[in-house]
Every structure is written in structure tokens, then in C-alpha cells.
Amino acid sequence: MNPLRRTVLGALALLLAKPFAALAAWNEKAFGAKSAADALKNLGTGSTEASSGLVIEAPQIAENGAVVPIEITSNIPGTTSIAVLIEKNPFPLAAKFDFKDGALPFLKLNVKMGETSDVRVVATAGGKHYAATKEIKVTIGGCGG
Amino acid sequence: MRLLRTLLCVAAFLASASHAQDARKEIQRYQQMIADGSPVELFELGGEELWKKPQGPKQVSLEKCDLGKGPGVIKGAYAALPRYFKDADRVMDLEARLVHCMETLQGRSRAEATKAVFGNQDTPSEMEYLSAYVAGHSRGAKMAPGLSHPKEKEAFELGRALFFHRAGAWDFSCASCHGEEGKRIRMQDLPVLSKPEFARPVVATWPAYRVSNSQFKTMQWRINDCYRQMRMPEPKFVSDATIALNLYLAGTGKGETYRGPGTKR
Amino acid sequence: MAAGPMKIRTTLAGGFTDVRVLMTHPMTTAQSNQPLHFITNVTVKVNGKPVIDAEISQAISRNPVFSFRLKGGQKGDKVEVSWLDNKGETNRIESAVV
């Protein structure tokens with residue numbers, strides 16, 4: 001194969017290789033923020049109001065901070081997104097889920113917690129932002145074995 | 001003054017007792033939530049692949065491996081282990097039997113088959129995948145290891161003796177940690193494994209996925225690691241001693257319905 | 001290096017479809033000595049239409065497990081979950097609702 005052809009094919013291959021990558025956005029600023037407040041600002045959700053319609057189901061004690069199960073249900077009508085923040089983590093923003101027509105604002109996920117901390121969930125509905133918080137204690141189980 | 005002090009002591013005791021109870025309840029909730037959708041299923045999938053994969057000089061899969069219920073019968077096999085096998089004239093647990101099949105069916109050398117029996121979080125071992133797969137097929141079966149053959153009885157008694165035998169740098173035995181009710185290490189309860197009521201839920205949930213290091217742990221690993229924690233020499237993989245202990249535990253926990261590979265902290 | 005296996009369960013529950021998906025991924029953090037390697041995006045599609053778009057981070061546990069709920073749904077609906085990580089690797093899995 002002549003060199004020019006190889007270069008053109010190589011370039012084409014690169015262009016076609018990662019279509020998903022070309023389309024996927026990732027909020028580097030928000031995920032890189034070192035405080036929950038900064039993360040929320042970078043998400044464009046500066047001010048939130050507490051809401052009992054946003055429900056966090058999680059154990060009060062996690063035997064291991066590497067895997068902490070959290071279940072979130074938003075009963076706030078018109079919820080279009082849910083963000084999960086772990087206040088004391090080095091980078092508090094853990095995830096942000098956008099729900100389109102066809103999905104319910106419900107989520108169960110496992111997060112890493114470096115230490116006992118508040119978990120803050122922020123839901124966006126109808127242009128407004130709501131928050132709920134739950135403290136989860138992190139222990140170290142067993143003798144490391 | 002004395003009465004007040006007594007009342008305060010009682011109050012504190014009650015508060016701490018109820019606090020401990022609350023803590024235990026919340027930890028149970030944690031355990032339930034992590035078990036829901038645990039990566040155990042991925043290990044069972046990986047095990048299925050390995051079970052069906054032709055390997056070794058004979059390029060044969062493990063699909064004709066006899067785990068005690070006939071060649072290739074996986075359903076319920078784990079719940080009936082450890083037990084005596086005539087073809088090897090030996091009591092064997094799951095991992096010993098898997099090695100046996102790797103040697104006899106696949107023609108692999110013992111050295112090669114047991115080169116890396118305990119994996120790490122990036123590379124689980126064959127034993128770990130296969131254990132998950134086989135154990136998963138005993139979900140719902142009652143734990144019924146072999147306890148009637150003379151060699152099985154012998155192994156059970158050896159297991160019991162080893163459980164209580166103190167040795168090593170710290171003069172520990174299994175019973176040092178697992179011999180008294182109400183003991184725990186940090187927030188981890190230490191079940192008294194020599195008593196059926198405490199052994200049953202334990203044997204019904206091993207082998208298990210450990211979320212703390214994202215690894216699937218087998219019974220051979222569990223026993224090996226207990227010996228490490230007791231500062232005793234490392235036992236040989238699938239040695240008579242480890243199988244005897246495994247049979248002692250499984251026998252003490254017999255009758256319990258096997259819940260499938262567990263998910264633990 | 002091929003991405004590790006995924007597993008998915010899609011079942012009809014009371015008025016919604018329950019989706020449970022398991023992913024194999026190290027999700028290494030900046031704190032370990034290894035290079036950062038974690039899933040950044042997850043997408044859920046129903047019959048080809050995206051219904052959930054997520055940005056996630058290294059704060060999600062190794063071998064992520066997620067549960068989602070889809071509005072309504074019926075037997076045979078095709079649910080697809082795909083992910084993309086910070087190295088450009090991807091994986092996906094599809095399932096028909098039962």
C-alpha cells in the first residue's frame with residue numbers, strides 16, 4: 001500500500017473510530033470542583049431549596065466506603081435531572097443523570113465515600129432546583145482480611 | 001447518690017445496647033442493598049465460559065467433570081460438598097475437585113492448574129470464576145456435605161480438632177476469634193462457627209464477592225487468609241487440613257438453604 | 001483490550017420497566033497509583049431512542065451497578081445500555097423486556 005493511501009486511510013479510521021466520543025459531553029469543571037458549592041455552580045444549579053419530594057434511600061452505616069449503595073426517587077413533578085454529590089469527597093460531584101421522556105426520575109447506584117459524609121442529591125424540575133441530604137457513616141469492617 | 005449512679009449506668013448500658021442494635025440493623029440494610037445487583041453474576045458468567053472452554057493438552061472442557069452428582073451435573077453439587085470421592089480415594093471440596101478435573105479431564109499438570117489460585121482485582125483466578133459458577137447452581141439447595149463415609153467422618157473430626165488447636169506465634173486457634181458469642185472486630189461480628197446456629201448463615205453465603213477489594217473469594221482463600229491472620233504458616237492449596245476444616249464448617253452448618261455466592265463488605 | 005462483560009435485566013414491574021445493569025470496569029481514581037481510567041458517560045435507549053443520559057465519574061464504585069426505571073413499557077421493548085470511558089473505550093448491551 002503506498003504511504004499516501006495509508007495516511008489517508010489512517011486518518012479516516014481515526015475519524016470513524018470513536019463516534020460516541022465525538023458526541024458525548026462531560027462537564028470537566030463540575031467534576032473537577034473541590035467543593036459541592038463550586039460543583040453545583042458549574043452545573044448551573046446555584047441555589048436549591050430543600051424538598052421532601054426528593055427521597056434518598058441508603059443505609060446509615062456503610063461497612064465499606066468503596067461501595068455505598070444509594071437509591072434516589074424524585075416525586076417532584078417534571079424532574080429532568082438528578083445530581084449526586086458527596087460533600088467530603090475530594091471531588092464532591094459523583095454523577096449527573098438526565099431523564100428524558102420515557103424514563104422515570106429514579107436511580108440506584110453505588111458510590112465511593114472516602115469518609116463519613118453528607119450525601120446531597122439535587123433534582124432539577126421545571127427550571128428550579130431542589131435538594132435533599134442524608135448522612136452516611138463509613139466504617140472499616142473486620143481486620144482487613 | 002448510689003441509686004442515681006446505678007440508674008445512669010443502666011441507662012448508659014441500655015442506650016449502648018440499643019445503639020449497637022441499631023448499628024447492626026443499619027449494617028444489615030447495607031448488606032442487603034449491596035447484594036441487590038451484585039457483580040457476583042458477572043463472575044458466574046465468567047465461570048460458565050471457563051467451564052465450557054477446551055483447555056490443556058487434551059483440549060477438553062470441564063463439562064464432564066464429576067462434582068459428586070455425576071459427570072457434568074452442576075445443579076446442587078456445591079451444596080453436597082465436601083465429600084468423599086472414590087476415584088481419588090479422598091474427601092474433596094469444590095476446589096480440590098476442580099483441580100482433579102483439570103488434571104484428569106484436561107491433562108493439565110497440577111503445577112499449571114494451581115499456578116494462580118487466588119487472583120487480584122484486575123485478574124480474578126480460574127478457581128474464583130469456576131467457584132462462582134458452580135456454587136451459583138446450588139441456590140435453594142440444602143447444605144448436605146458428606147458425613148457418613150468413614151473418611152468423611154475422619155475428616156470432620158480432623159476439622160474440629162484443627163478448629164480448636166492453638167498454635168503459631170500468637171498461640172491462636174480458629175476458636176480464639178470464632179469461639180465466643182458476642183465478639184467482634186471493629187464493626188464485624190465474629191460468628192461462633194462451632195455452633196450450628198451461627199455456622200449455618202455463613203456456609204450458606206460462601207464463596208463470596210468482597211466489595212472492599214472487588215474480588216471474588218473462595219473457601220480455600222478464606223481458610224488460607226484466616227491462617228495468615230493467625231500468624232501461622234500458609235496452608236497448602238486443597239490440603240487435607242483445609243478440606244477437613246471446610247467439611248467441619250459445612251457439616252456444622254448443614255441443613256441451611258444455600259443462598260448462592262454472597263456479597264460481603 | 002476488550003471491555004469486560006456486562007449483564008442486564010429488564011423486567012416489567014407495576015407500571016414501569018425495571019432495568020438492572022452490571023458493568024465491568026476498574027473505575028480507578030486519582031488516589032491510586034494507576035492511571036485514571038473510569039466511565040464518563042452512560043446512555044440508556046429504548047427502541048433506539050435515548051431516554052437517560054448520564055455523566056459519571058471516578059466516584060462511582062468499581063464494576064458499576066445501576067438500576068433505572070422506564071415509563072410503562074411492554075414485552076419485547078428493546079433496551080440498550082452503553083458506556084464510554086475517559087480512554088475512549090466503549091461497551092454496550094441490549095435486552096428485550098420480559
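B:Glu103: net charge of surrounding residues, Cβ under 12 Å, Lys/Arg +1, Asp/Glu -1, itself excluded?
Within the 12 Å Cβ shell, the charges total +2.
Please give the per residue volume of the convex hull enclosing the alpha carbon atoms of the range A:30-138, rounded to a whole number of Å³.
84
For the range C:1-80 and the range B:167-197, what is the separation of their C-alpha centers, rounded to whole Å?
40
Which cross-chain or sequence-distant (5 or more) residues have an amide H under 5 Å from the amide H of B:Lys217, H modelled 1.01 Å from N in plane?
Under 5 Å from the amide H of B:Lys217 lie the amide H atoms of B:Ala208, B:Tyr209, B:Arg210, each far enough along the sequence or on another chain.
Provide the gained length on full extension for the span A:Asp118 to A:Thr133, in nm with one decimal, where the gain is 0.36 nm per separating residue minus the Cα-Cα distance.
Gain in length upon complete extension: 4.8 nm.
In a shell of Cβ-Cβ distance under 12 Å around A:Thr48, excluding A:Thr48 itself, what net charge do Lys and Arg (+1) and Asp and Glu (-1) give? Can you show the working numbers first?
On the way: positive: A:Lys41, A:Arg120, A:Lys128; negative: A:Glu49.
Here the count lands on +2.
Expressed as a whole number of Å, what is the distance separating the alpha-carbon centroids of the range B:227-245 and the range A:84-104?
If you average the Cα positions of each part, the centres end up 45 Å apart.
Going through the cross-link list A:Lys41/C:Lys71; A:Lys128/C:Lys78; B:Lys151/B:Lys236, which pairs have a Cα-Cα distance over 24 Å in this structure?
A:Lys41/C:Lys71; A:Lys128/C:Lys78
Return the inverse of the average 1/r over all pairs of distinct C-alpha atoms in chain B, which is the Kirkwood hydrodynamic radius, in Å to one decimal.
Result for chain B, one decimal place: 19.7 Å.
Under the definition of partner shielding as Cβ atoms of other protein chains within 10 Å of a residue Cβ, what is the mean value for peptide B:184-192?
The shielding value for this peptide is 4.
Is the shape of the range C:20-60 best called rounded, prolate or oblate, per the rule: a/c under 1.5 gives rounded, else a/b larger than b/c gives prolate, else oblate, with a ≥ b ≥ c the square roots of the Cα gyration tensor eigenvalues? Numbers along the way, then the final one.
Values: a/c = 3.75, a/b = 2.64, b/c = 1.42.
Here the range C:20-60 falls in the prolate category.
Can you compute the charge dipole magnitude of the protein assembly as shown about its Cα centre, using +1 on each Lys and Arg Cβ and -1 on each Asp and Glu Cβ, nothing else charged? Give it in debye, rounded to the nearest 20.
It works out to roughly 160 debye.
Cα-based Rg (one decimal) and Dmax (whole number) for the protein assembly as shown, in Å?
25.7, 100
I want the local charge near C:Leu22. Using Cβ-Cβ distances under 10 Å, sum +1 for each Lys or Arg and -1 for each Asp or Glu among the other residues.
Residues near C:Leu22 contribute +2 overall.
With 30 Å as the limit, write out which pairs from B:Lys115/B:Lys254; A:Lys100/C:Lys75; B:Lys69/B:Lys115; A:Lys112/B:Lys115; B:Lys64/B:Lys115; A:Lys29/A:Lys100 have Cα-Cα distances beyond it, or answer none.
Among B:Lys115/B:Lys254; A:Lys100/C:Lys75; B:Lys69/B:Lys115; A:Lys112/B:Lys115; B:Lys64/B:Lys115; A:Lys29/A:Lys100, the Cα-Cα distance tops 30 Å for B:Lys115/B:Lys254; A:Lys112/B:Lys115.
Once you have a ≥ b ≥ c as the square roots of the Cα gyration tensor eigenvalues for the range B:222-265, tell me rounded if a/c is under 1.5, and otherwise prolate or oblate according to whether a/b is larger than b/c.
Verdict is oblate for the range B:222-265.
Have a look at A:Gly32, A:Ala62, B:Val73 and report the one farthest towards the positive end of the charge dipole of the protein assembly as shown, computed about the Cα centre with Cβ charges (Lys/Arg +1, Asp/Glu -1).
The residue sitting farthest along the positive end of the dipole is B:Val73.
Suppose every K and R has +1 on its Cβ and every D and E has -1 on its Cβ; what is the size of the dipole of the range B:120-265 about the Cα centre, in Debye to the nearest 20?
Computed about the Cα centre, the dipole is about 340 debye.
Mind running the shape call on the range C:7-96? Use the C-alpha gyration tensor, a ≥ b ≥ c as the square roots of the eigenvalues: rounded below 1.5 for a/c, prolate if a/b tops b/c, oblate otherwise.
Verdict is prolate for the range C:7-96.
Rule-based calculations on the coordinates, nothing more; no lab input. None of the values given here were measured: they were computed from a predicted structure. Virtual Cβ from ideal backbone geometry, glycine too; neighbours counted across all protein chains shown.
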